[in-house]
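Engineer: What follows is a structure written as structure tokens; I'll ask about it next.
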Amino acid sequence: MIRQTVMVLTFLVLTLGCASMPGGGGSGSFKLRPFREVTLKNGLKVLLVEDKSLPYFSMFMLVAAGSSNDGLTASGTAFLVGDLLDKGTSKRSAMELADAMGQIGGELSVDVGQDFTMISASTLAEHQATLLQNFSEMVTEPAFSANEVDRAKKQVIAQLQKTVDNPGNFAEVVFDSYLYGSHPYARRVLGRKRDVTKLRKKDIIKYYLTHYRPNNAQLAIVGDFAPTIVEDLETVFGKWTSRKPAELTFPEVPSISGLQIQVIDKQDLKQTEIRLGHPGIKRTEPDFLKLRVANTILGGAFHSRLVDEIRDRRGLTYSINSSFDARKDAGPFTVSTFTRHEKVGETVSETLRVMKEFWEKGVTDKEVADAKALLRGMFPRSLETAERLGETMLILRYYQIPDSYLTNYLRDIEKIKTAEVNEAIKKHLQPANLKVLVFSPKDKVLSQLRPIGLVQVKNYSEYVQ
Amino acid sequence: MFRWLSLSLLIAVSAQAEVSPKTSLADQMRIEVDKYQLPNGLTVLLHEDHSAPLISIHQWFRVGSSHEKVGRTGMAHFFEHLMFKGTPKYPKNEFDRQIQANGGTNNAMTSLDYTGYYENMPSGTLDLILDIEADRMRNLNFDPTEIKNEREVVKEERRYRVENSVFGYLHEGVFETVFRVHPYRWPVVGYMKDLDATSMEDLKEFYRVFYAPNNAVLVITGDFKSGATKSLIEKHYGKIPSQPLPEHKFDPEPQQKSQRSMQLVKDVQSPTFAVAYQAPPAGQDDAYVLDLLANILGNGSSSRLHKQLVYRQQVASSISAWNYTPLLSGVFQIFCSVKPGMNMESAINTTFNEIYKMRNRLVSEDELKKAKTQVMIDYIDSLKTVSGKARALALNEVLFKDYTMMFKDLDRYNSVTAEQIKAAAEKYLQTHQAAIVRVKPQGAPAPVKSSGSSEGA
């Protein structure tokens, strides 16, 4: 009975907390498991991470384009392109592909993000030739038939409409648009309904032809692969051709002055979802690791200032956490939590108080030492499997972070001093200039929020159309 | 067919003896485990794996929500939260701080049958963790302020998981509808009024009765030396006395005679429903058969229900089927999210049609093979990390008192035939055995009453 663990984790088992972070080791340089890099003739860069410990074969492909590359009034294009990859190729129909992938154990997973798209699939080692064939066919020869485009659009529109049924997810999406205004990070990856409705087959094909190119992608092959893997890759990806990639320039990230609160009203909610924060940092930010230490102390770990105060000392929530989502452009710094309606005022004001004190007084040597130990201790787990290493390296390369980020991680974390953490906090956190999103029945929370800051009220139905 | 397994696993498992090509899959998937028992009844499982400088420590107790009493539901889980509130030796903050300052993370989980605590640590930290775990098995603090705050935390958890979640509501509804007598009928998180009613005395008594070494399984996997570890285990746990355990008495669930249903009207965009059936408990042959049946019916885009409801009819945005198998009784369940504005009853009818086909026709060899391959990939995935291995060992030892059950899984799945799948569908998935739970958007038309819904809750 091993499958139960998978189900149990997702459905039936209640865990103590929600705080989660990527996964000790000595000091000095961290030794990565062996990997090999090759570039195929068409320019596709390939990372090979061999792992014969179990009989599996996995593929990860990062395409260097995501929803930020959608046209201004064509949000949702990147998502539809990703969604349609396994819905028919020049050779096979959607159902034939579903069967072909199912037969070898799974399906194509396509995760479209703001910055990039990650396509992955896994099978037993004995089926690797079939997976290589299926995967390359879907990535390089998608059909984008009119029927399938129509079907996918309807599916996305249904998803958009029902997002509000999941309050946490809805709050997250609305918070992004609240923070980022007209910047691409404001737009949902799924798109806006009015844009998706208008999207045509040719818009989808244009996006695909612009961005899905071997010189704009990277591939990682992980597991128990054949010695002929490079030749096999040349064969299946050989016809895929390069093209000069499109440059993406971001507009300026909007700044926030003062404390702004937006209440999204929905009467039947049984609990209030709260998000607060401001635009944060780019992945290339030199203070990245210092902020990692800082965030671990603030709300990035189970024992942290926000969890201790809001959850443990005050019993206001089951989960509160803070994070810097570092992206190509400045991604959001967000604190996420939820509480009962009658405690929304206290939860928001106490969270702000903790952040303000954190910003004003900084952190202690002991907190820094503990946070560093935690980050260092968890690091080997974040690369424990060959798959995690392969996927992590694709993402680092996308952001042009050298491998020394990994090999020097333990040493670089160790070198960080309390004063540097405090400087980074002062520079990158802005507890006085931020936005608060509250998803709640408005009558139950407005009087609690008005003393805290300027409150604007909207109805959820604006986001459902 | 699976000869490659022996070859590749040989390289993985350093302590593994040479495997002859003729041994069963069970033997090929086996990982080396040292199992023994302390005189006080604590069961210990050790598996060394030096591929990364990590260890995973799991301490699970054979107590879950099914051991609770009516009126005190949610106690196993509430108590699990208190296990993080410290002892005289490791006060609350010190406990969490020590684990984090040693580079580790910890958490716990409560289910119907068990409560599991675990730490994922860098190697070299076992002395500390075993001291902490042995200490909190006996010397927990019961501070009234901590209990008062944690009660609110747990109530927030209930609001988050159930009251403010369509999926959580459906899930709770399924168990309340499938079971009427059995203790699986109430939710692990418990009901609000019971959480309010649970007193410190109740919690202390729960701790005294169930948190004993002879009710626990300790699993350690990863980068450690068994010899030294055994001495540490003896040092920290040796002096804890064993104690008599209560007999787990409960009324079995009678067979369901007619279809049941339950419904909630909510301000939602998307109608959702679940169809569920009583199923055999973990470890029985039919549980394996139903796992594969569920896979064929509703796992992924090549499954029958996905093809019908999501792809062809375009009525649903998602559907999934799985067979949940806790210790005492299983639940076979299908969850479907219908697209806004689409007809839920027609999606339910399609679902029943597909189940009808399962009862009346054999699945194809390709479908069966596909299901077996998918199950095997899940199996392999769960063993990729030291914490995954520890979890699998703990689960099997806690449920069956025999961790080697997990090594037999693949053989048992592989031996399933199309005839067995049809027979299981006929035995467990009859229309009168179904429970239907619906979440309807406000203002949507009422469902057509099906015959036999008189028993509906």
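For every residue, the table says whether it meets (1) of a type in the set (Lys, Arg); (2) part of a helix (DSSP H, G or I); (3) at negative phi; (4) modelled with pLDDT of 95 or more.
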{"site": "A:Met393", "(1), (2), (3), (4)": "no, yes, yes, yes"}
{"site": "A:Pro402", "(1), (2), (3), (4)": "no, no, yes, yes"}
{"site": "A:Tyr405", "(1), (2), (3), (4)": "no, yes, yes, yes"}
{"site": "A:Arg411", "(1), (2), (3), (4)": "yes, yes, yes, yes"}
{"site": "A:Glu420", "(1), (2), (3), (4)": "no, yes, yes, yes"}
{"site": "A:Lys427", "(1), (2), (3), (4)": "yes, yes, yes, yes"}
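Residues are listed down the side, and each one gets a yes or a no for (1) part of a loop (DSSP other than H, G, I, E, B); (2) acidic (Asp, Glu); (3) within 14 Å of chain B (Cβ to nearest Cβ):
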position	(1), (2), (3)
A:Ser68	no, no, no
A:Gly71	yes, no, no
A:Ser75	yes, no, no
A:Ala78	no, no, no
A:Asp86	yes, yes, yes
A:Glu96	no, yes, yes
A:Ala100	no, no, yes
A:Gly106	yes, no, yes
A:Gln114	yes, no, no
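Engineer: Residue check: is A:Leu47 farther than 15 Å from A:Val139 by Cβ and either within 13 Å of chain B (Cβ to nearest Cβ) or in contact with a Phe, Trp or Tyr (Cβ under 8 Å, 6 or more places away or on another chain) (or both)?
Structural biologist: Here the answer is yes, as A:Leu47 does meet what is asked.
Engineer: Working only within segment B:195-214, note down all residues that are under 16 Å from B:Thr73 (Cα atoms) and either within 14 Å of chain A (Cβ to nearest Cβ) or of a type in the set (D, E, K, R) (or both).
Structural biologist: If the condition is that a residue be under 16 Å from B:Thr73 (Cα atoms) and either within 14 Å of chain A (Cβ to nearest Cβ) or of a type in the set (D, E, K, R) (or both), then B:Leu195, B:Asp196, B:Glu201, B:Asp202, B:Lys204, B:Glu205 are the ones that fit.
Engineer: Taking the criterion of being surrounded by fewer than 23 Cβ atoms within 10 Å (Cβ to Cβ), among the aromatic types (Phe, Trp, Tyr), in a helix (DSSP H, G or I) and more than 14 Å from chain B (Cβ to nearest Cβ), would at least one residue in segment A:352-362 satisfy it?
Structural biologist: Scanning segment A:352-362 turns up at least one residue that is surrounded by fewer than 23 Cβ atoms within 10 Å (Cβ to Cβ), among the aromatic types (Phe, Trp, Tyr), in a helix (DSSP H, G or I) and more than 14 Å from chain B (Cβ to nearest Cβ).
Engineer: How many of the residues making up segment B:162-172 are more than 7 Å from chain A (Cβ to nearest Cβ) and of a type outside the set (Asp, Glu)?
Structural biologist: 6
Engineer: State whether one or more residues within segment B:54-68 are assigned to a loop (DSSP other than H, G, I, E, B) and surrounded by fewer than 20 Cβ atoms within 10 Å (Cβ to Cβ).
Structural biologist: Checking segment B:54-68: not a single residue is assigned to a loop (DSSP other than H, G, I, E, B) and surrounded by fewer than 20 Cβ atoms within 10 Å (Cβ to Cβ).
Engineer: Select from segment B:173-194 the residues that are among the aliphatic types (A, V, I, L, M), more than 26 Å from A:Asn169 (Cβ to Cβ) and within 14 Å of another protein chain (Cβ to nearest Cβ) and list them in ascending order.
Structural biologist: Of everything in segment B:173-194, just one residue is among the aliphatic types (A, V, I, L, M), more than 26 Å from A:Asn169 (Cβ to Cβ) and within 14 Å of another protein chain (Cβ to nearest Cβ), namely B:Val178.
Engineer: Does any residue of segment B:136-145 turn out to be at pLDDT 95 or above and within 25 Å of the chain's Cα centre (by Cα)?
Structural biologist: Yes, the conditions are met somewhere in segment B:136-145.
Engineer: Oh, and also: Only one of A:Glu172, A:Glu126 is at pLDDT below 95 and in the same structural domain as A:Leu233 (by TED's automatic domain parsing); which?
Structural biologist: A:Glu126
Engineer: Regarding B:Ser258, is this residue touching a helix residue (DSSP H, G or I) at 6+ places or on another chain (Cβ under 6 Å) and loosely packed, with under 15 Cβ neighbours inside 10 Å?
Structural biologist: yes
Engineer: May I ask you to verify whether B:Gly300 is assigned by TED's automatic domain parsing to the domain that holds B:Leu399 and either within 21 Å of B:Glu172 (Cα to Cα) or more than 16 Å from the chain's Cα centre (by Cα) (or both)?
Structural biologist: It is true that B:Gly300 is assigned by TED's automatic domain parsing to the domain that holds B:Leu399 and either within 21 Å of B:Glu172 (Cα to Cα) or more than 16 Å from the chain's Cα centre (by Cα) (or both).
Engineer: If you go through segment A:44-54 one residue at a time, do you hit one that is of a type in the set (S, T, N, Q), in the same structural domain as A:Thr210 (by TED's automatic domain parsing) and not in a loop (DSSP other than H, G, I, E, B)?
Structural biologist: No, segment A:44-54 contains no residue that is of a type in the set (S, T, N, Q), in the same structural domain as A:Thr210 (by TED's automatic domain parsing) and not in a loop (DSSP other than H, G, I, E, B).
Engineer: Does segment A:217-230 contain at least one residue that is in a helix (DSSP H, G or I) and under 27 Å from A:Ala152 (Cβ atoms)?
Structural biologist: no
Engineer: Another question, then. Every residue in segment A:236-269 that is among the hydrophobic types (A, V, I, L, M, F, W, C) and closer than 30 Å to A:Thr130 by Cα, please.
Structural biologist: Selection gives A:Val236, A:Phe237, A:Trp240.
Residue-by-condition table, conditions (1) more than 8 Å from every other protein chain (Cβ to nearest Cβ); (2) closer than 30 Å to B:Val63 by Cβ; (3) part of a loop (DSSP other than H, G, I, E, B):
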position	(1), (2), (3)
B:Thr351	yes, no, no
B:Lys357	yes, no, no
B:Leu362	yes, no, yes
B:Leu368	yes, no, no
B:Lys372	yes, no, no
B:Ile377	no, no, no
B:Ala392	no, yes, no
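Engineer: Then there's this: Residues to consider are A:Lys366, A:Lys372; find the one that is under 28 Å from B:Asn102 (Cα atoms), within 14 Å of another protein chain (Cβ to nearest Cβ) and surrounded by 15 or more Cβ atoms within 10 Å (Cβ to Cβ).
Structural biologist: A:Lys372
The rows are residues; the columns are (1) surrounded by fewer than 21 Cβ atoms within 10 Å (Cβ to Cβ); (2) outside any helix (DSSP H, G or I); (3) in the same structural domain as B:Thr73 (by TED's automatic domain parsing).
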{"position": "B:Thr145", "(1), (2), (3)": "yes, no, yes"}
{"position": "B:Glu157", "(1), (2), (3)": "no, no, yes"}
{"position": "B:His171", "(1), (2), (3)": "no, no, yes"}
{"position": "B:Asp196", "(1), (2), (3)": "yes, no, yes"}
{"position": "B:Leu218", "(1), (2), (3)": "no, yes, yes"}
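Engineer: Another question about this same structure. Report whether or not B:Val437 is more than 9 Å from every other protein chain (Cβ to nearest Cβ), more than 30 Å from B:Gln59 (Cβ to Cβ) and of a type in the set (A, V, I, L, M).
Structural biologist: Here the answer is yes, as B:Val437 does meet what is asked.
Engineer: Which of the residues that make up segment A:174-224 are out of contact with any strand residue (DSSP E or B) (no Cβ under 8 Å at 6 or more places or on another chain) and among the aromatic types (Phe, Trp, Tyr)?
Structural biologist: A:Tyr207
Engineer: Next up: Only one of (1) out of contact with any Gly (no Cβ under 6 Å at 6 or more places or on another chain); (2) within 14 Å of another protein chain (Cβ to nearest Cβ) fails for A:Met61. Which number is that?
Structural biologist: The one condition A:Met61 does not meet is (2).
Engineer: Within segment A:406-446, work out how many residues are hydroxyl-bearing (Ser, Thr, Tyr) and out of contact with any helix residue (DSSP H, G or I) (no Cβ under 8 Å at 6 or more places or on another chain).
Structural biologist: Qualifying residue count, segment A:406-446: 1.
Engineer: Another question, if that's okay. Of (1) surrounded by 21 or more Cβ atoms within 10 Å (Cβ to Cβ); (2) facing chain A (nearest Cβ under 9 Å), B:Ile132 satisfies all except one. Which?
Structural biologist: So the condition that B:Ile132 fails would be (2).
Engineer: If you take the residues in segment B:379-390 that are assigned to a helix (DSSP H, G or I) and at the interface with chain A (Cβ under 7 Å from one of its Cβ atoms), which one is surrounded by the most Cβ atoms within 10 Å (Cβ to Cβ)?
Structural biologist: The qualifying residue surrounded by the most Cβ atoms within 10 Å (Cβ to Cβ) is B:Ile380.
The values are calculated or read from the model by the stated rules, or taken from the named source; none is laboratory data. In this text, all values refer to a predicted model and were calculated from it rather than measured experimentally. Glycine also receives a Cβ, built like all others from the backbone with ideal geometry; neighbour counts cover every protein chain displayed.
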